[in-house]
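Encoded as structure tokens, the structure appears first; notes follow it.
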Amino acid sequence: MSMKRYYDGVELVANLYPHQRKELNKWRYKNPKSKKWVHLKQLMTVDQANKLAAELNQSVADGFYERHTLPSESLLNYVKQYINYQESLDLKLKAKRSWSNRKYALLRFPKSFESVKLLTMEELRIWWDSLNYHSQKLHYAAFRKFFNWLMGKGLTPKLSFNPFSTSDDVPRLLLKPKPRKVRLPCSQQTFINIKKNAGDAGYECLQIAMDISRYTTLREGDICALRWDKNIVGGCLRIVVSKSEAQKGTMRAARLSWCLKDHPLLKQYIDRARELSLINRRCPFVISHTPKRKALNNKHHLCEVTGDRLGKMFKEVRTIATTFHEIRGLSATLLKNAGNTKEEIQNVMAHESIVTTLDYMNANDLPFENITIHI
């Protein structure tokens with residue numbers, strides 16, 4: 001156990017030492033991992049030096065400070081601290097796919113700026129306006145929380161208000177208007193053609209994913225994340241919709257279940273997927289495929305199919321400039337033609353607004369309403 005050390009009657013934080021020449025208000029720090037000395041160039045009071053040393057000790061403990069030089073006042077350093085702070089508050093956060101996406105956006109953010117203390121509203125606005133609508137909408141809330149944390153630590157002296165505030169009473173960054181859809185809708189015939197091409201290319205996993213999406217309206221990310229042990233339970237397909245969970249939290253997220261005995265066509269797709277998973281090295285994921293290149297990368301299993309990989313497969317075999325996501329639109333259209341109400345379709349698609357649900361449907365394939373009233 002190390003002895004307590006004092007300077008002018010104030011106990012020094014571990015690994016903090018006065019300058020070797022005993023110069024007033026000059027300090028040095030010993031990295032407990034590298035055992036190298038870091039000389040703190042700026043003059044500091046003992047309280048200021050203690051505060052900095054405590055932060056450095058935490059950085060070392062968190063694995064962010066492996067070098068023997070003093071960490072810069074870079075945004076990246078603070079982003080990493082913030083991520084670690086959030087994960088320490090919620091131990092389940094690391095397992096959430098939505099958190100993985102938010103972390104990716106936060107870690108990319110510092111590449112556009114040199115120092116957190118130099119951030120200005122104008123610089124942020126230029127960067128923000130360079131993003132497309134979907135990136136802005138997806139990450140607005142994540143950046144609002146991050147800047148709350150930064151401003152709470154007094155790290156943004158040039159910002160008077162949180163630039164990602166939702167209040168109109170303060171200067172803030174504005175979302176771009178939602179762009180008009182430019183993707184072509186996926187008709188039933190287009191679906192059939194793409195599915196055939198997927199079979200010719202040896203992508204049976206894509207065929208199964210397309211069938212499941214058309215039947216359930218699930219997004220490719222949710223379909224690729226389906227696991228035999230977590231989502232196929234008691235003869236049912238059960239899922240917490242990831243986008244709904246990211247927006248509302250786990251407790252209020254859309255929770256969907258299909259009893260497979262009541263949905264024989266869906267059961268047929270799931271059964272074939274199970275057969276494929278056994279062929280594909282007993283892959284724990286419902287959608288599986290043995291890749292030519294035997295590289296695990298960031299996957300949990302060699303034969304796991306990520307949403308990104310599924311999208312690339314779809315793009316490779318598609319017949320028109322549509323996307324896998326447009327299968328949701330086909331599904332919504334087919335459900336409406338089958339006599340289901342708009343509210344029922346909205347529920348299964350986990351949409352906040354019924355307007356969003358209607359926007360997914362292909363107007364050219366919707367039925368006309370028969371009018372019986374007359375003069």
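Worth pointing out:
- Using a 4.7 Å Cβ-Cβ cutoff, the cysteines of the chain lacking any partner cysteine are CYS186, CYS205, CYS224, CYS236, CYS259.
- Two-site FRET efficiency, LYS94 against HIS374, from Cβ-Cβ distance with R₀ of 56 Å, rounded to 0.05: 0.30
- Given +1 at the Cβ of Lys and Arg, -1 at the Cβ of Asp and Glu and no other charges, the dipole of segment 255-335 around its Cα centre is 320 debye to the nearest 20.
- Each residue of segment 98-108 is assigned a 3J(HN,Hα), and the resulting list reads 5, 5, 4, 5, 5, 4, 4, 5, 5, 6, 7 Hz, derived from the Karplus form 6.51 cos²θ - 1.76 cosθ + 1.60 (θ = phi - 60°), x at Gly and Pro.
- Loop-located trypsin sites (Lys or Arg not before Pro) in segment 228-257, at most 13 other Cβ atoms within 10 Å (DSSP): ARG252
- Rounded to whole Å, the principal axis extents of the Cα atoms in segment 321-375 read 46, 27, 18, largest first.
- Packing, as the average of other Cβ atoms within 10 Å across residues, places the peptides 79-86, 137-144, 196-203 in the order 79-86, 137-144, 196-203, highest first.
- Along segment 162-173 the Karplus relation, 6.51 cos²θ - 1.76 cosθ + 1.60 evaluated at θ = phi - 60°, assigns HN-Hα couplings of 5, x, 9, 4, 9, 8, 7, 7, 10, x, 8, 7 Hz to successive residues, with x for each Gly and Pro.
- Cα gyration tensor category, rounded, prolate or oblate, for segment 1-53 with a/c compared to 1.5: oblate
- Under-5 Å amide H pairs with TRP27, H placed in peptide plane, nonlocal only: HIS19, LEU40
- Once the mean of 1/r is taken over each pair of separate Cα atoms and inverted, the chain shows a Kirkwood hydrodynamic radius of 24.9 Å.
- Applying the Karplus relation 6.51 cos²θ - 1.76 cosθ + 1.60 with θ = phi - 60° to segment 87-97 yields 3J(HN,Hα) values of 5, 6, 6, 10, 5, 8, 5, 4, 7, 8, 5 Hz, where x marks Gly and Pro.
- Between the Cα long axis of helix 46-62 and the first principal axis of the chain there is an angle of about 40°, rounded to the nearest 10.
- Cross-link pairs beyond the 24 Å C-alpha cut-off, checked among LYS137/LYS243; LYS92/LYS299; LYS145/LYS312: LYS145/LYS312
- Along each principal axis, Cα extent of segment 140-282, largest first, Å: 59, 37, 30
- Our helix-only sum for the chain, with -39,500 (n - 2.57) per DSSP H run of n ≥ 4 divided by its residues, gives a mean residue ellipticity at 222 nm of -13500 deg cm²/dmol.
Just so you know, all these numbers are worked out from the coordinates, no wet-lab data involved. Computed from a predicted structure; not experimentally measured. Don't worry about glycine lacking a Cβ; one is built from the backbone with ideal geometry, like all the others, and counts go over all protein chains shown.
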